[in-house]
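So that we are looking at the same thing, I have put the structure below in structure tokens.
Computed from the coordinates by the stated procedures, all read-outs in this text should not be read as laboratory data. Computed from a predicted structure; not experimentally measured. With ideal geometry, Cβ positions are generated from the backbone for all residues, glycine too; neighbour counts draw on all protein chains shown.
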Amino acid sequence: MIAQFIAVVAIAYLLGSIPFGLIIGKLKSGVDIREHGSGKTGATNVIRTAGTKLGLLTIGLDVAKAAGAVILATVIIGSGSGSVTVGGMLVHWQHVAQVVAGLAAVAGHTWPVFARFKGGRGVTAYFGTLFAIYPPVGIFGAQIVAIAALRSRHMSLGSVLGASAALCLMIPLTIAYNFPPIYLAYCSVTAALLIYQHLDNIKRLRQGTERRLW
């Protein structure tokens, strides 16, 4: 089991570390997006630097790599892997593997080994993991991101609101529908990380100096 979890972490981190934004920027437009805009390799900076179409392609690939990491973890730690009781709660190892893979994929996207540990803010990777863990929560949060970003033209605002919305939805699912508490813990930790990653954006939003998408 230990070897399997080591494999889960390693695979998820390496998948998350693939800097699709950086690769697409260089291949399609000859631009190193780290030298422009926010200096991040995420989709928002691709949109600003290389255009909307390439930004959307980056979103799709970043979502896919993170979702793939969780799906692979689910397969590696099969449904018959058993469970453990923690604090009176039954925790299935497969659920633990999904959460561990999600954290590793988001960490890889944010601090990618293939791009000198300078990546994106983890938003698309996070929603990719949610699509694999429980799609309705991921879809709900992504819709909030899209609506808020399109209305305000601030992707940072949409990202923070979307991550918060996904967390808020997971709370009643855990309380009323007996969803695994570890999923709620995952959403809480990752939402906190995403908000932390956007502290500079939040400051600029409050000052009215945050750069718009267009």
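222 nm [θ] for the chain, helices only, -39500 (n - 2.57) per DSSP H run of 4+, per residue, to 500?
Per the formula, -23500 deg cm²/dmol.
What are the semi-axes of the equivalent ellipsoid of the chain, taken as the square roots of 5 times the eigenvalues of the Cα gyration tensor, listed largest first and rounded to whole Å?
30, 20, 13
In addition: Check Val91: other-chain or 5+ apart residues with amide H under 5 Å from its amide H, H built from backbone geometry?
Result for Val91 returns Val84, Thr85, Val86.
With helices defined as uninterrupted DSSP H runs, which ones in the chain have an alpha carbon span along their own long axis of at least 27 Å and mean Kyte-Doolittle hydropathy of at least -0.5?
52-76, 155-177
Further, regarding this structure: Nearest 20 debye, what's the magnitude of the dipole of the chain about its Cα centre given +1 on Lys and Arg Cβ and -1 on Asp and Glu Cβ?
800
Cross-chain or 8 or more residues apart, Cα under 18 Å: how many lysine pairs in the chain fit that? Count them up, please.
Qualifying lysine pairs in the chain: 10.
Sticking with this structure for a sec: If you take the charge dipole of segment 2-207 about its Cα centre, with +1 on Lys and Arg Cβ and -1 on Asp and Glu Cβ, which of His36, Gly60, Gly108 is farthest toward its positive end?
Checked the options; the winner is His36.
Let me ask another. Tell me whether segment 71-148 comes out rounded, prolate or oblate; compute the Cα gyration tensor, take square roots of the eigenvalues as a ≥ b ≥ c, and use a/c under 1.5 as the rounded threshold.
Oblate is the answer for segment 71-148, as a/c is 1.5 or above yet b/c matches or exceeds a/b.
Any idea how far the Cα center of segment 59-119 sits from the one of segment 155-214, in Å?
Segment 59-119 and segment 155-214 have Cα centres spaced 18 Å from each other.
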